[in-house]
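Heads up, the thing below is written out as structure tokens.
The values are calculated or read from the model by the stated rules, or taken from the named source; none is laboratory data. Note that the coordinates shown come from a computational prediction; the quantities given were computed from them, not determined experimentally. Virtual Cβ from ideal backbone geometry, glycine too; neighbours counted across all protein chains shown.
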Amino acid sequence: MVRTTRLYPRPKLTGTPRKTDGGIPLAGIYDYLEDKDGILTVDGVSSVELASRFGTPLYVYSARRIRDNYRRIHDAFAARRENFRANYAVKANNNLSVLDLLRQEGAGADCAGPGEIRMARSVGFPPDRILYSGNYNSDEELRYGLESGAVINLDDGPLLERLLKFGTPEALCFRINPGFGKGAYPGVVTAGPDAKFGMREREALKAYRRAKEAGIERLGVHMMAGSNVLETPYWAAITDRLTGIAARIAKALRIELDFIDLGGGFGVPSKIGETPLPIQDVAKKVVDAYERRLASTPGIGDPTLMIEPGRYLVSDAGILLASVTHVKTSAKRFVGCDAGMNTLLRPALYGAYHEILPATKLRARRSVRANVTGPICENTDMLGKDRRLPRLEVGDLLAVLNAGAYGYAMASRFNSRPMPAEVLVVDGEAHLVRERETLDDLVRGEPVPSAVA
Ligand code: LLP
């Protein structure tokens, strides 16, 4: 008989039971991953089958988990404020099938540049549900954004003059640096004195004045102050700060605001057992702070409250499957696999922690400690350090968790390694949603002039 068990049985709780806000036990965060006789399954599909059908390294996403994530965060806000919208930050995972799924759920799209706008448009996001949040844009990019019909979010006042050369948009916002931000690692704090993003209040005031003079009808206010934040009080504080700035701008210029966008940044725990962001509580505190501000600012109108989560929607809905390629003992023990910093950059770039499961030996005793590494010629090529694992052999599979956000999207061809494939599991069926690159792809598009030969 096949035994199926939840991978993370409910942890023994001491003191007050910790629950996610939906009342789901904490262990339920990974409810699409199961242990079937020691083999990891993804929404019912065996990791061994996935690896043999599609090869490794392989990104695998659960459609069900993405939908659940969207509904949880959307509903938490929408239940408290009707005039609310969520845009998906495409940079987290730009797979077209993932975009399409989120569009079907009702999300808009936050795009970082023409490439993301093109991708979002290709799966049917209407232009007026796309926000183009660029920074250090070229004229061509500004023009592309304007012509695409996306709402443009400018990261600096003088960019407005450059945009106006191409036409006057109907709607526009400026990205504000609210003076502080927060992030899981220093590299993902995107506001405050060291941030390259956004404008201070005094520059913003000038920019909005100019936008008003130019006859732009719908004006919004935007910020994106940091990523992977798991603290509730921060959300209330940063909402209060941004809406304070927005209120002063609206009053000084006598303009009604069309929307106020708080950006993304909603965190996802990286370690099993960590408490997830209590999204109901966050939504309540944010909406309370937001509506308090509107109530005390006559003339500000009824701006739509907007958020643009990336990680929250897709991170824990994806795993990276890799095959063990070699096991080595020297001064340390190394488990080598076919996924490296080229496939998942976050550990090397930020020191980010990703859980790594022995996908084909879930029930084996974890008797060794090893560094999990890839095939890249860099010593930062470590997916995990000092991990407790069973004795693994060549051909065993590893599953790197929380790989759905900033995984494939930040992958590269470093060391001339082709890009991996992506699979979306929908209702227990695995669909290839991005083909693996081949070695031939690496030599395509590079004409070598005969002068070189
Ligand atoms: N909106 C804007 C304008 C952004 O720049 C970002 C992310 C988001 C929304 C979505 O943020 P999220 O909800 O995913 O935190 N590569 C890093 C994360 C950098 C985020 C940069 N901007 C990582 O792998 O952790």
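Residue selection: residue 343 satisfies the criterion of being within 16 Å of the ligand (Cβ to nearest atom), within 26 Å of residue 49 (Cα to Cα), crowded, with 22+ Cβ neighbours inside 10 Å and hydroxyl-bearing (Ser, Thr, Tyr).
Taking the range 357-453 as the region of interest, the strands (runs of 3 or more DSSP E) fully inside it that hold 1 or more residues being over 18 Å from residue 39 (Cβ atoms) are 368-373, 382-389, 421-426, 429-434. Scanning the range 346-365 for residues that are crowded, with 19+ Cβ neighbours inside 10 Å and more than 16 Å from the ligand (Cβ to nearest atom) turns up 356, 357, 358, 359, 360, 361, 362.
State whether the residues of the range 129-141 include one that is assigned to a helix (DSSP H, G or I) and under 20 Å from residue 264 (Cα atoms). So far as the range 129-141 goes, yes, one or more of its residues are assigned to a helix (DSSP H, G or I) and under 20 Å from residue 264 (Cα atoms). Would you say residue 182 is of a type in the set (Lys, Arg), within 25 Å of residue 351 (Cβ to Cβ) and either modelled with pLDDT under 95 or away from the ligand (no atom under 16 Å from the Cβ) (or both)? Spelling it out, residue 182 is indeed of a type in the set (Lys, Arg), within 25 Å of residue 351 (Cβ to Cβ) and either modelled with pLDDT under 95 or away from the ligand (no atom under 16 Å from the Cβ) (or both). The set of residues in the range 224-242 that are closer than 22 Å to residue 196 by Cα and within 16 Å of the ligand (Cβ to nearest atom) comprises 224, 225, 226, 227, 228, 229, 234, 235, 238, 239, 242.
Every residue, every condition in (1) in a strand (DSSP E or B); (2) within 16 Å of the ligand (Cβ to nearest atom); (3) touching a Phe, Trp or Tyr at 6+ places or on another chain (Cβ under 9 Å), yes or no:
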position: 175; (1), (2), (3): yes, yes, yes
position: 194; (1), (2), (3): no, yes, no
position: 202; (1), (2), (3): no, no, no
position: 206; (1), (2), (3): no, no, no
position: 216; (1), (2), (3): no, no, no
position: 221; (1), (2), (3): yes, yes, yes
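Among the residues of the range 107-120, those identified as crowded, with 18+ Cβ neighbours inside 10 Å and part of a helix (DSSP H, G or I) are 114, 116, 117, 120. When 245, 260, 249 are checked against the criterion of being within 16 Å of the ligand (Cβ to nearest atom) and not in a loop (DSSP other than H, G, I, E, B), a single residue qualifies: 260. Taken over the range 320-356, the criterion of being within 23 Å of residue 413 (Cα to Cα) and part of a loop (DSSP other than H, G, I, E, B) is satisfied by 338, 339, 340, 341, 342, 343, 344, 345, 351, 352, 353, 354. Selection of first residues in the range 39-64 that are at positive phi and of second residues that are in a loop (DSSP other than H, G, I, E, B) and of a type in the set (Val, Ile, Thr), restricted to Cβ pairs under 8 Å at least 6 apart or on distinct chains, gives an empty result. The set of residues from the range 268-297 being of a type in the set (D, E, K, R) and either at pLDDT below 95 or in a loop (DSSP other than H, G, I, E, B) (or both) comprises 271, 274.
Condition first: within 12 Å of the ligand (Cβ to nearest atom) and either surrounded by 19 or more Cβ atoms within 10 Å (Cβ to Cβ) or not in a loop (DSSP other than H, G, I, E, B) (or both). Can you find one or more residues in the range 298-307 that meet it? Checking the range 298-307: at least one residue is within 12 Å of the ligand (Cβ to nearest atom) and either surrounded by 19 or more Cβ atoms within 10 Å (Cβ to Cβ) or not in a loop (DSSP other than H, G, I, E, B) (or both).
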